[in-house]
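These notes are about the structure you will find just below.
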Amino acid sequence: MADWNASLYLTFEEERTRPARDLLARVPLDQVESAIDLGCGPGNSTELLAGRWPTASLLGIDTSEDMLASARSRLPAARFEKADVATFEAEAPPDLIFANAVLQWLGNHDRLIPRLMTMLAPGGVLAIQVPDNLDEPSHWLMRETATKGPWAATLGDAGKVRERIHSPGWYYDLLAPLGRSVDIWRTTYNHPLADPDAVVEWLRATGLRPFIEPLCDGDRAAFLAAYRTRIAEAYPPRTDGKVLLGFPRLFIVARR
Ligand SMILES: C[S@@+](CC[C@H](N)C(=O)[O-])C[C@H]1O[C@@H](n2cnc3c(N)ncnc32)[C@H](O)[C@@H]1O
C-alpha cells in the first residue's frame with residue numbers, strides 16, 4: 001500500500017485520540033522509565049505518554065515515513081524510528097508497550113501478542129486498542145461497493161487487508177497465563193460528524209486505503225461516489241442535521 005497521510009489522519013485528531021486517552025487512563029503504572037508506542041502515527045498517542053510520564057524515555061515506531069516525520073516535529077524529545085511491529089524487538093525491556101489503533105493491521109495475534117508481552121519488563125504493561133468495526137455499515141459498505149463496479153477485479157482481496165480481530169474471551173485466554181492481570185472492555189463511540197462526506201473523509205485516511213489506493217483516478221472518484229451514496233443511506237441526518245458514526249473498539253490492558 002502507499003504511505004499513510006499524516007495530515008489527512010489528523011483531520012479528526014480529537015476523535016481519533018480519545019480512545020488512546022481512554023486506554024491510557026486504565027494503565028496501572030505510577031512510574032514509567034521507558035515506553036514504546038507501536039504504530040505511533042503522527043505522535044498523538046506518544047504525546048499522551050509524554051504528558052503522563054514527562055521523564056520517561058519514549059520510543060515511537062511506525063512503518064510510515066510521513067507519520068514519522070510528523071511525529072518527530074511534534075515531539076522532538078522522543079525517539080521515532082521506522083520499524084514493523086511484526087518483527088520489532090525492543091533493545092531493553094520497556095515498562096509499557098502501548099499499541100493504539102495499529103494491531104488491526106497485523107495478523108497472527110496468537111503469536112504476536114505473547115511476543116509483545118514477554119518483551120516487557122517484569123510488572124510491565126501491554127496496552128492495546130483495536131477498532132472492532134468491520135461489521136459496521138462504514139466497513140461492510142466498502143466491501144459491498146468493491147464487488148459492484150468496474151473495479152471489482154482490481155479490488156478482489158481489498159477486504160482482507162485488515163485482520164478480523166478475535167473475541168474478548170479469546171484475548172483473555174491468550175493473556176491470562178502470561179501475566180498477573182488482564183482488563184478487557186469494549187466501547188462504542190458515537191461521533192457526531194457534519195455530514196456523510198465527513199464519514200467518507202474520516203475513512204479515507206484509514207479503512208478505505210486498501211480499497212482506493214489500487215484504483216486509477218477515474219475509478220477512485222467513481223468508487224468514492226458510489227460508496228458515499230450508500231453511506232448517506234446508512235447514516236441519516238439526526239435532528240441537528242449531523243450524522244452519527246458508530247465506532248466500536250476493543251481495549252486490552254495486561255500486566256506482566
Ligand atoms: C490508525 S494509526 C494510529 C496512530 C496513533 N497510534 C493513534 O493513536 O492515533 C495506525 C498507524 O500504524 C502504522 N502501522 C500500520 N501497520 C504497521 C506495522 N506493521 N508496523 C508499524 N506501524 C504500522 C501506520 O503507519 C499508522 O501510522
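The values are calculated or read from the model by the stated rules, or taken from the named source; none is laboratory data. Treat the numbers as computed from the prediction; the structure is a model and nothing was measured. Counting neighbours? That spans all protein chains shown, and the Cβs are built from the backbone with ideal geometry, glycine included. SASA here: full protein model, heavy atoms, side chains in, ligands and nucleic acids out. Shrake-Rupley method; radii C 1.70, N 1.55, O 1.52, S 1.80 Å.
So how many residues does the range 46-71 have that are under 19 Å from PHE88 (Cα atoms), free of Cβ contacts under 8 Å to residues at least 40 places away in the same chain and open to solvent by 60 Å² or more (accessible area, probe 1.4 Å)?
Summing the residues that are under 19 Å from PHE88 (Cα atoms), free of Cβ contacts under 8 Å to residues at least 40 places away in the same chain and open to solvent by 60 Å² or more (accessible area, probe 1.4 Å) in the range 46-71 gives 2.
Looking only at the range 24-45, count every residue that is surrounded by fewer than 21 Cβ atoms within 10 Å (Cβ to Cβ) and in contact with a Ser or Thr (Cβ under 6 Å, 6 or more places away or on another chain) and tell me the total.
Here the count works out to 1.
From ILE231, ILE184, ILE212, which residue is open to solvent by less than 20 Å² (accessible area, probe 1.4 Å), under 19 Å from the mean Cα position of the chain (by Cα) and among the β-branched types (Val, Ile, Thr)?
Step by step, each of ILE231, ILE184, ILE212 is checked, and only ILE212 is open to solvent by less than 20 Å² (accessible area, probe 1.4 Å), under 19 Å from the mean Cα position of the chain (by Cα) and among the β-branched types (Val, Ile, Thr).
Based on what the data block shows, is VAL200 open to solvent by less than 30 Å² (accessible area, probe 1.4 Å), of a type in the set (Val, Ile, Thr) and within 16 Å of the ligand (Cβ to nearest atom)?
no
Between a residue in the range 91-115 that is closer than 16 Å to GLY43 by Cα and any residue that is open to solvent by 30 Å² or more (accessible area, probe 1.4 Å) and within 13 Å of the ligand (Cβ to nearest atom), which pairs come within a Cβ distance under 9 Å, given they are 6 or more apart or on different chains?
PHE98/LEU48; ASN100/LEU48
Go through the residues of the range 79-87 one by one and say whether even a single one is closer than 21 Å to GLU14 by Cβ and within 10 Å of the ligand (Cβ to nearest atom).
Within the range 79-87, not a single residue is closer than 21 Å to GLU14 by Cβ and within 10 Å of the ligand (Cβ to nearest atom).
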